[in-house]
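Working notes, structure below.
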Amino acid sequence: MPKDYSGQYLQGRSFAFHDLTDADFSGADLQGATFWKANLSWAHLIGANLSEANLCRADLSGADLTGAKLIGAKLSGANLFGADMTSANLRFADLFGANLFNADLTGADLFGADMTSADLTNVIGYRPPSDDDETDDDLPDDDEPDDD
């Protein structure tokens, strides 16, 4: 039977190396928790607070992280194959070398996230920034008069 941690206060707790397959952490406060090399495949982390959590090398394949807060989370080397990260907040998260194959990032906030060497094959809802993208610096300043 899957473990039910939904809505619980678990800040800073260590789940390193634990098998948490299909566990329910929906709405749980896991800020600063450690899941290093934990098996979270098919886990339910909907709306969970995982800010500053260590999920390095964790298996999150098929996990539901819809609306989860992962600000500054460490996900380097994590397996997020097919994970649903719709509307997740991944600001400044470390996704170095993470496997995001077939993950859904629709509406996810990736501002400042490190996606270096991450596998972005078939990722849904994500378009890597390119040099052709227009920046605010490229737009005319409304306060400056035209040269006409």
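The values are calculated or read from the model by the stated rules, or taken from the named source; none is laboratory data. As the structure is a computational prediction, the values presented were derived from the model and not from experiment. We place every Cβ from the backbone using ideal geometry, glycine too, and count neighbours over all the protein chains shown.
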- Task: Quickly run through segment 71-121 and pick out the residues that are of a type in the set (A, V, I, L, M, F, W, C) and touching a Lys or Arg at 6+ places or on another chain (Cβ under 8 Å).
- Result: ILE71, ALA78, ALA88, ALA93, LEU110, PHE111, ALA113
- Query: Within segment 64-87, can one find any residue that is under 10 Å from the mean Cα position of the chain (by Cα) and in contact (Cβ under 8 Å) with a residue 24 or more places away in the chain?
  - Reply: yes
- Message: Given the criteria part of a loop (DSSP other than H, G, I, E, B), modelled with pLDDT of 95 or more and within 22 Å of TRP42 (Cβ to Cβ), does GLY112 qualify?
- Response: no
- Note on the structure: The number of residues in segment 42-89 that are in a loop (DSSP other than H, G, I, E, B) and within 13 Å of ASP22 (Cα to Cα) is 10
